Amino acid sequence: MSSGSVSKTSLIFEIKGKFKLSCDLKRHLSPRTVGFILRALPLEGNAHRMGQSIVYLETPIDSGIERPRREFKKGDVAFLPVSGSICFFTKDSEPGKTMTPIGKISEDLKVLDDVKAGDVILLYAETG
C-alpha cells in the first residue's frame, strides 16, 4: 500500500534532534478527524506527557469527537478533541478521557519513553 492510499497515509513523527518514527493515519478509523489533521500538516509543537503511557502534541485542530473510545493499545494514535491534541500511546492505557482513534505507530516505541516535556515534535507527510 502506498503512502498516498485512500485509507492509509504514512507520516513521519519526529522528535527534533533525537529520532524519527513512521506513523500511519488510517482514514477508515475516523474519516473526518484524519482529514482535518492531514489538511493541517505539517504540525510542530512541544511534547507533553500524560502519565507514563501517553506522549502528545497540542494542535489548533478542532474536529470534535468521532467514533469515541476509552481504551487504547501500545502504538495507537488518537485525537483528544478537548485540547486538540494528537496522542501517541507508549503502553496499553485507559486514560479516562474519550478520544478519537486515528492511527498506529508500528515501529519500536521504546524511544518514546525518552521523550521529555518540552521536546519539539514534528509531524509531517512522508516524501519520496
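A short reminder: the numbers here are calculations on the coordinates, not readings from a lab. Everything quoted here is computed from the prediction, not taken from an experiment. With ideal geometry, Cβ positions are generated from the backbone for all residues, glycine too; neighbour counts draw on all protein chains shown.
Please list, ordered by residue number, the strands (runs of 3 or more DSSP E) wholly in the stretch 1-60 having 3 or more residues that are touching an Asp or Glu at 6+ places or on another chain (Cβ under 9 Å).
Values: elements: 8-15, 19-26, 43-50, 54-58.
Because the criterion is at least 3 residues that are touching an Asp or Glu at 6+ places or on another chain (Cβ under 9 Å), the strands (runs of 3 or more DSSP E) in the stretch 1-60 that meet it are 8-15, 19-26, 43-50.
Being of a type in the set (A, V, I, L, M), over 17 Å from residue 94 (Cβ atoms), touching a residue at least 12 places away in the same chain (Cβ under 8 Å) and in contact with a Gly (Cβ under 6 Å, 6 or more places away or on another chain) is true for just one of 43, 21, 25. Which residue is that?
It is 25.
Restrict the check to the stretch 99-112 and report whether at least one residue is in contact with a helix residue (DSSP H, G or I) (Cβ under 7 Å, 6 or more places away or on another chain) and among the charged types (D, E, K, R).
no
Here are some residues: 78, 117. Which one is assigned to a loop (DSSP other than H, G, I, E, B) and of a type in the set (A, V, I, L, M)?
117
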